Amino acid sequence: MSPRIKKLIGTVLMLIWLPIYALICMGVAVRVLPHAAWYVALLYYALAGTLWIVPIGLSLPWMHREPAR
């Protein structure tokens, strides 16, 4: 697969992943956090704010890897 196609696929997947992840995080926050202590909310927002990068970080090396010859 050519690098251009890989980058296109990766970009489209990122554009789909981020809004879905944000909606899931918002849904969990609305249902769970109003009844939680402040430190639980802090931990949740810290984790939710950083965990979105894991799938993207795993896809970046694949997107920029040169094709095998």
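The values are calculated or read from the model by the stated rules, or taken from the named source; none is laboratory data. Note that the structure is predicted; figures quoted are calculated from it, not measured. Ideal geometry is used to build each Cβ from the backbone, glycine not excepted, and the neighbour counts take in all protein chains shown. Note: accessible area is taken over every heavy atom of the protein model, side chains too, but ligands, DNA and RNA are not part of it. Shrake-Rupley method; radii C 1.70, N 1.55, O 1.52, S 1.80 Å.
Against the conditions (1) assigned to a helix (DSSP H, G or I); (2) loosely packed, with under 11 Cβ neighbours inside 10 Å, Pro67 satisfies every one except (1).
Note on the range 1-47: residues that are in contact with a helix residue (DSSP H, G or I) (Cβ under 6 Å, 6 or more places away or on another chain) and small (Gly, Ala, Ser) total 2. Do we find that Leu33 is aliphatic (A, V, I, L, M), more than 11 Å from the chain's Cα centre (by Cα) and either within 30 Å of Ala68 (Cβ to Cβ) or modelled with pLDDT of 95 or more (or both) in this structure? Spelling it out, it is not the case that Leu33 is aliphatic (A, V, I, L, M), more than 11 Å from the chain's Cα centre (by Cα) and either within 30 Å of Ala68 (Cβ to Cβ) or modelled with pLDDT of 95 or more (or both). Note on the range 24-56: residues that are among the aromatic types (Phe, Trp, Tyr), within 27 Å of Leu13 (Cβ to Cβ), assigned to a helix (DSSP H, G or I) and open to solvent by 60 Å² or more (accessible area, probe 1.4 Å) total 1.
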